[in-house]
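Data block below; observations after.
Computed from the coordinates by the stated procedures, all read-outs in this text should not be read as laboratory data. Quick caveat: nothing in here was measured; it's all calculated off a predicted structure. So basically every Cβ, Gly included, is an ideal-geometry build from the backbone, and we count neighbours across all protein chains shown.
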Amino acid sequence: MKNLNEQQQKKKNTRLAIALGAFALLVLVTSFPFWQAVLVEISKSN
Amino acid sequence: MSTYAAEHHHDDHVPTGWRRWVFSTNHKDIGTLYLLFALCMLFLGGASAMLIRAELFQPGIQLLHPDLYNNLVTNHALIMIFGAVMPAAAGLANWMIPLMIGAPDMALPRMNNLSFWILPAAATMLILSFVVPFFPGGGSQINTGWTLYPPLSLQVGMSMDFLIFAIHLLGISSVLASINIIVTLFNMRAPGMTLMQMPMFCWTWLVTAFLLILVVPVLAGGVTMLLFDRHFGTSFFDAAGGGDPVLFQHLFWFFGHPEVYVLLLPSIGVLAHVIPTFSRKPLFGYKSMVGSMLAVATIGMVVWAHHQYTIGMSLGAVTYFMIGTIIISIPVGLMIFNFIATMWRGSMTFETPMLFAVAIILMFTFGGLSGVMLAVVPADMQYHDSMFVVAHFHYVLMPGAVFGLFAGVFYWLPKWTGHMYDEVLAKWFFWINVIGFNITFFPQHFLGLAGMPRRIVDYNVMFTEFNVVSSIGAIIFGLSHLLLLYIVIKTIRGGKKADAKVWEGAHGLEWHLDSPPAFHSWSTAPKAIELTDTYEKPQ
Ligand code: HEM
Ligand SMILES: [Cu+2]
């Protein structure tokens with residue numbers, strides 16, 4: 001880890017946090033249609 | 001031992017009064033808040049468990065209306081999982097992660113405050129979902145169990161809406177806390193500490209946090225779809241409108257199975273510190289620990305339907321889920337073997353945290369074995385929804401999550417409070433607690449195998465004896481927690497002064513700070529020499 005000043009550190013932290021938050025939202029949004037497809041797939045009888 | 005922070009008391013402004021807690025951005029105070037909250041919830045959830053066991057003491061319906069019984073079963077699980085275990089683990093994370101990686105605080109202190117203070121609101125919602133039906137016009141009680149399966153959950157009254165909002169709030173809190181932990185571990189490590197040099201507790205929380213942001217949104221999506229089905233005319237899960245209730249089961253267990261690792265992993269992290277400390281040996285197989293944890297998390301994401309073998313999946317699907325589930329026992333076993341190898345030929349002593357650690361290894365493995373039984377599809381057709389399942393998950397959750405947290409609390413309590421806890425009382429607590437636990441849950445294996453279903457208020461007289469034993473065990477087990485409470489309060493209020501390095505065999509940055517550490521610790525990064533004090537190098 002490089003020594004960052006407080007300002008840079010804060011910016012870096014906020015950026016990563018926003019990225020992770022966006023990722024969580026993406027998971028939330030995709031979960032709606034995705035699961036219906038999974039359901040159709042695995043309940044097909046062979 | 002003098003520390004940097006101790007030499008610089010002048011920048012140590014400790015706010016006072018209620019503002020200190022409500023507006024706190026200090027990781028130690030927020031950690032304390034999380035832990036106290038979890039303790040309250042442990043007693044609330046425990047009270048509901050005691051009522052359940054009181055009712056099951058005899059066949060027939062004695063104390064509780066069947067609806068109330070089901071409501072209690074639902075609330076017990078939700079309160080224990082979301083109110084007790086997860087917040088307690090988050091409390092340990094808040095307290096210890098910055099101390100362990102040499103960071104002055106969590107990366108996002110204000111968000112940290114928010115993550116905690118959402119919890120009391122969520123708990124209020126959760127408790128309301130339990131009590132609302134008792135008021136006129138409050139609708140029916142929640143009788144679905146914590147899994148909230150439709151169509152039942154579509155038929156429950158407004159208490160289900162309170163519960164859905166509680167889950168939304170709890171989910172937001174967990175995701176925010178996870179983001180905070182990931183950012184802290186990625187960005188705030190002391191200069192010179194690489195990821196592969198992080199203390200194992202930090203690793204377990206890193207994996208846990210990623211699991212949480214991957215699965216909690218799916219649960220949130222699922223319960224939101226429930227909410228829409230209930231009020232806005234959609235039919236995601238309503239067969240009458242062309243929906244499919246089984247879809248909810250997939251959504252729920254896609255969250256639910258990884259959730260068990262969320263409950264387990266932080267406690268595994270605690271063991272990875274406790275066992276080396278009291279074996280006076282470095283942790284065996286650091287890299288394989290990290291590797292198996294990543295394997296557990298990855299495979300754990302794709303085995304969810306072992307909770308739904310009986311829904312009529314295709315043969316290919318059940319076979320896949322069975323094999324996947326059984327494969328997970330390999331990396332989990334590896335972690336256990338690493339712990340055993342760490343103890344092997346160590347000069348072990350058995351202070352309370354270590355007693356819990358050894359008990360965990362024995363009993364968690366036992367729960368893992370019944371898990372493998374349940375993973376086998378044809379066998380699970382018999383075991384499913386029986387008390388055997390209840391016995392199984394209590395044998396994994398109680399040692400794997402709760403006892404691990406107890407071990408962590410005893411291990412770090414002297415660090416937090418500056419006082420040693422009463423070792424004699426703590427050992428008493430350990431023995432009563434562990435014996436009480438086994439008396440409560442061991443007979444439930446037999447009950448399940450003999451055919452007693454779970455989540456039913458009444459049972460056939462042939463099940464009486466084991467239920468009596470189980471309920472007596474529950475009284476011992478439940479009451480033992482009063483002793484825990486007493487020990488904790490006693491330690492907070494005083495006791496033998498703890499050294500900076502509380503345990504002779506302990507390693508890591510946190511032991512280079514005073515006990516208790518100053519309000520602001522690691523304001524300057526740890527020195528290189530302190531960074532070399534890890535479990536990993538030979539001593
Ligand atoms: C005082 C200690 C405890 C006792 C006596 C106890 C007892 C019980 C009982 C009697 C049930 C209901 C069984 C049934 O379905 O008929 C139950 C369910 C459950 N318990 Fe516990 N328990 C305790 C602690 C815990 C803890 C600490 C956790 C979480 C880590 C937990 C998690 C669960 C879960 C997930 C269920 C399933 C609920 C459901 O499927 O609806 N329990 N417990
Ligand atoms: Cu599972």
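Quickly rank B:43-52, A:11-20 as a protection proxy: mean count of other C-beta atoms within 10 Å, highest first.
In descending order of packing, they fall as B:43-52, A:11-20.
So for the pair B:Ser329, B:Ile299, with labels modelled 7 Å out along Cα→Cβ, what separation do we get in nm?
Taking the simple label geometry, B:Ser329 and B:Ile299 are separated by 1.1 nm.
Along the Cα→Cβ direction, 7 angstrom out, place labels at B:Cys40 and B:Lys287. What is the inter-label distance in nm?
That separation, rounded to one decimal, is 4.7 nm.
For a protection proxy built on the mean count of beta-carbon atoms within 10 angstrom, sort A:27-33, B:145-151 highest first, please.
B:145-151, A:27-33
Could you calculate the FRET efficiency of B:Thr194 with B:Ser314 from 1/(1 + (r/R0)^6), where r is the beta carbon distance between them and R0 is 51 Å, rounded to 0.05?
0.65
Read phi for every residue in segment B:201-212 and hand back ³J(HN,Hα) as whole Hz from Karplus 6.51 cos²θ - 1.76 cosθ + 1.60, θ = phi - 60°, with x for Gly and Pro.
4, 5, 4, 4, 6, 4, 5, 4, 5, 5, 4, 4
How would you rank B:Met225, B:Met381, B:Met420, B:Met100, going from fewest to most other Cβ atoms within 10 Å of each one's own Cβ?
Ranked by crowding around the Cβ, least crowded first: B:Met381, B:Met420, B:Met225, B:Met100.
For B:Ser386, what residues show an amide H to amide H distance below 5 Å, using hydrogens built from the backbone and excluding near sequence neighbours?
Those qualifying (amide H under 5 Å, at least 5 residues apart or on another chain) are B:Arg454.
Specify which residue in the list B:His520, B:Gly505, B:Val372 is farthest towards the positive end of the charge dipole of segment B:5-531, using unit charges on the beta carbon of Lys, Arg (+1) and Asp, Glu (-1), about the Cα centre.
Working it through, the farthest residue towards the positive pole turns out to be B:Gly505.
When Lys and Arg each count +1 and Asp and Glu each count -1, what net charge do the other residues less than 9 Å away from B:Pro516, Cβ to Cβ, add up to?
Net local charge, B:Pro516 excluded: +1.
For segment B:194-223 and segment B:376-407, what is the separation of their C-alpha centers, rounded to whole Å?
22
Going by alpha carbons, how many degrees (0 to 90, nearest 10) lie between the helix axis of B:86-101 and the longest principal axis of chain B?
For B:86-101 against chain B, the angle is about 20 degrees.
When a/c reaches 1.5 or more, the comparison of a/b and b/c decides; with that in mind, is the protein assembly as shown rounded, prolate or oblate per its Cα gyration tensor?
Prolate.
Within 10 Å of each Cβ in B:303-316, how many Cβ atoms from other chains are there, averaged over the peptide?
Rounded to a whole number, the mean comes out at 2.
To the nearest whole number, what is the average tally of beta carbon atoms from other chains within 10 Å of the beta carbons of peptide B:249-259?
Mean partner shielding for this stretch: 2.
Is segment B:491-539 best put as rounded, prolate or oblate by its Cα gyration tensor, with a ≥ b ≥ c the root eigenvalues, rounded for a/c under 1.5, and otherwise prolate when a/b is larger than b/c, oblate when not?
oblate
Dipole of the protein assembly as shown, Cα-centred, from +1 at each Lys and Arg C-beta and -1 at each Asp and Glu C-beta, to the nearest 20 debye?
The dipole magnitude comes to about 1080 debye.
Mind giving me the FRET efficiency for B:Ala379 and B:Phe350? R0 is 41 Å, r the Cβ-Cβ distance, nearest 0.05 is fine.
Efficiency, from the Cβ-Cβ distance: 0.65.
What distance in nm lies between label points placed 7 Å from Cα along the C-beta direction at A:Gln7 and B:Leu63?
Label-label distance for A:Gln7 and B:Leu63, simple model: 6.3 nm.
Across peptide A:12-25, how many C-beta atoms of other chains are within 10 Å of each residue C-beta, on average?
Counting Cβ atoms of other protein chains within 10 Å of each residue's Cβ and averaging gives 6.
Show the residues, 5+ positions off or on another chain, whose built amide H is closer than 5 Å to the amide H of B:His419.
For B:His419, whose amide H was placed from the backbone, the distant partners under 5 Å are B:Ala498.
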